[in-house]
Amino acid sequence: MTWSNQVAVVTGGARGIGRAIALLLAKRGAAVCVNYAARADAAEQVASEIEGKGGRAIAAGADVADFRAVQVMIEQAETQLGPVTILVNNAGVSHQATLDTFDYEQFDRMRRVNADGIIHATRAAMAGMRTRRYGRIVNVASIAAIGTALPGNAFYAATKAEAAILTRRFAMELGGDGITVNAVAPGFVRTDMTQGKRSADEWEAIEKNLAERTMMRRIGQPADIANAVTFLAAPEAGWVTAQMLVVDGGRMDYIGHS
Ligand code: NAP
């Protein structure tokens, strides 16, 4: 296997971390299916950027919480680009809540995207990977899954802990078929998810606060995460499985004593 015969599906590949992953996989030589939920315009723009540089890409809409929609997307990727060899489960949402403000509907929706989305896309992609006895699956979890103490993140953290254990268990199930399953756990990265509706002043304060909690003294950029994902997705990474690679600049606040 070489990079030039890889076909990658990147869920939530239109913006933020997913966009950086899609662009870097394409730079390595993979054809890329750029999945989106709502922002078709952004996904088309990523696909055009890849094609403009001589690569192959399509934009494909599918809500990862909807298994049938994900199946159709994988079929579309295989028809238009070829057999899917790489699946990056990056799509995610974050709803902030505490025990006092917990809302079941919001939590359920977040869990269906962040955790069920991984199950759906893995199930949709695994048959072809099994037949060809080759696959690379990379899940985007979060350091929230391993105990960072950002207020309001408890329920989001629970969905990411689910992503972490699914990674390990799916690796056990699929290893015998030549498929690796790993995760990357990003720290705090500048994207729409983290910038949200924060004012410039609020952003400056949170960036400064979180940068000081890292050994590298900065927050992350989407490319920092894309580099790690691309390593785990590489043909050469065939003996790395069931791992969660933390990419957070060396966070020092896991136990909240700072
Ligand atoms: P983002 O900028 O908000 O982008 C999220 C992406 O996910 C968007 O492209 C969005 O699609 C897509 N998406 C959301 N719901 C979806 C659904 N139901 N089906 C398909 N796609 C869906 O977020 P980000 O910061 O890049 O986050 C990417 C991943 O990294 C997430 O799993 C997140 O939890 C994780 N993460 C982020 C950070 C961080 O600091 N940013 C830290 C740790 C982990 P549309 O464009 O169509 O809306």
Notebook entry, point to check: Within the stretch 136-169, how many residues turn out to be under 16 Å from the mean Cα position of the chain (by Cα) and away from the ligand (no atom under 15 Å from the Cβ)?
Noted result: 3
Next item on the list: Identify all residues within the stretch 62-72 that are surrounded by fewer than 24 Cβ atoms within 10 Å (Cβ to Cβ), of a type outside the set (Asp, Glu) and touching a residue at least 24 places away in the same chain (Cβ under 8 Å); write none if there are none.
Entry: Ala65, Phe67, Gln71
Check: Quick one: which of Ala59, Ala38 is open to solvent by 60 Å² or more (accessible area, probe 1.4 Å), farther than 17 Å from Thr230 by Cα, without any contact (Cβ under 8 Å) to a residue 60 or more places away in the chain and within 13 Å of the ligand (Cβ to nearest atom)?
Finding: Ala38
Next item on the list: Of the numbered conditions (1) free of Cβ contacts under 8 Å to residues at least 24 places away in the same chain; (2) within 12 Å of the ligand (Cβ to nearest atom), Tyr104 fails exactly one; give the number of that condition.
Entry: (2)
Checklist line | Within the stretch 174-219, considering residues that are of a type in the set (Ser, Thr, Tyr) and assigned to a loop (DSSP other than H, G, I, E, B), the one farthest from the chain's Cα centre (by Cα) | finding: Ser199
Check: In the stretch 232-252, how many residues are surrounded by 18 or more Cβ atoms within 10 Å (Cβ to Cβ) and of a type in the set (D, E, K, R)?
Finding: 2
Note to self: Test of understanding: among Val93, Val72, which residue is near the ligand (Cβ under 9 Å from one of its atoms) and not polar (S, T, N, Q)?
What the structure shows: Val93
Item checked: Which listed residue is outside any loop (DSSP other than H, G, I, E, B) and either modelled with pLDDT under 95 or touching an Asp or Glu at 6+ places or on another chain (Cβ under 8 Å) (or both), from Arg169, Arg130 -> Arg130
Notebook entry, point to check: From Ala20, Ala26, Ala30, which residue is more than 15 Å from the ligand (Cβ to nearest atom), among the small types (Gly, Ala, Ser), closer than 22 Å to Gly220 by Cα and crowded, with 24+ Cβ neighbours inside 10 Å?
Noted result: Ala26
Check: Ala234 passes all but one of (1) over 17 Å from Val10 (Cβ atoms); (2) more than 16 Å from the ligand (Cβ to nearest atom); (3) not basic (Lys, Arg); which number fails?
Finding: (1)
Note to self: If Ile86 meets every condition in (1) in contact (Cβ under 8 Å) with a residue 40 or more places away in the chain; (2) within 10 Å of the ligand (Cβ to nearest atom) apart from one, which number is that one?
What the structure shows: (2)
Next item on the list: Only residues that are buried (at least 16 other Cβ atoms within 10 Å of the Cβ) and either touching a residue at least 40 places away in the same chain (Cβ under 8 Å) or acidic (Asp, Glu) (or both): list them for the stretch 196-222, please.
Entry: Glu207, Arg213, Pro222
Next item on the list: Select from the stretch 41-56 the residues that are within 15 Å of the ligand (Cβ to nearest atom) and among the acidic types (Asp, Glu) and write down the one among them that is surrounded by the fewest Cβ atoms within 10 Å (Cβ to Cβ).
Entry: Asp41
Check: Given the structure, is Val229 out of contact with any Cys (no Cβ under 7 Å at 6 or more places or on another chain), open to solvent by 50 Å² or more (accessible area, probe 1.4 Å) and β-branched (Val, Ile, Thr)?
Finding: no
Item checked: Output for the stretch 133-161, where each listed residue is in a helix (DSSP H, G or I) and within 13 Å of Asn89 (Cα to Cα) -> Lys160
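The values are calculated or read from the model by the stated rules, or taken from the named source; none is laboratory data. Keep in mind that what you see is a predicted model, and the values were worked out from it rather than measured. A quick note on method: Cβ atoms are made from the backbone with ideal geometry, for glycine too, and the neighbour counts reach across all protein chains shown. Calculation scope for accessible area: heavy atoms of the full protein, side chains included, ligands and nucleic acids excluded. Shrake-Rupley method; radii C 1.70, N 1.55, O 1.52, S 1.80 Å.
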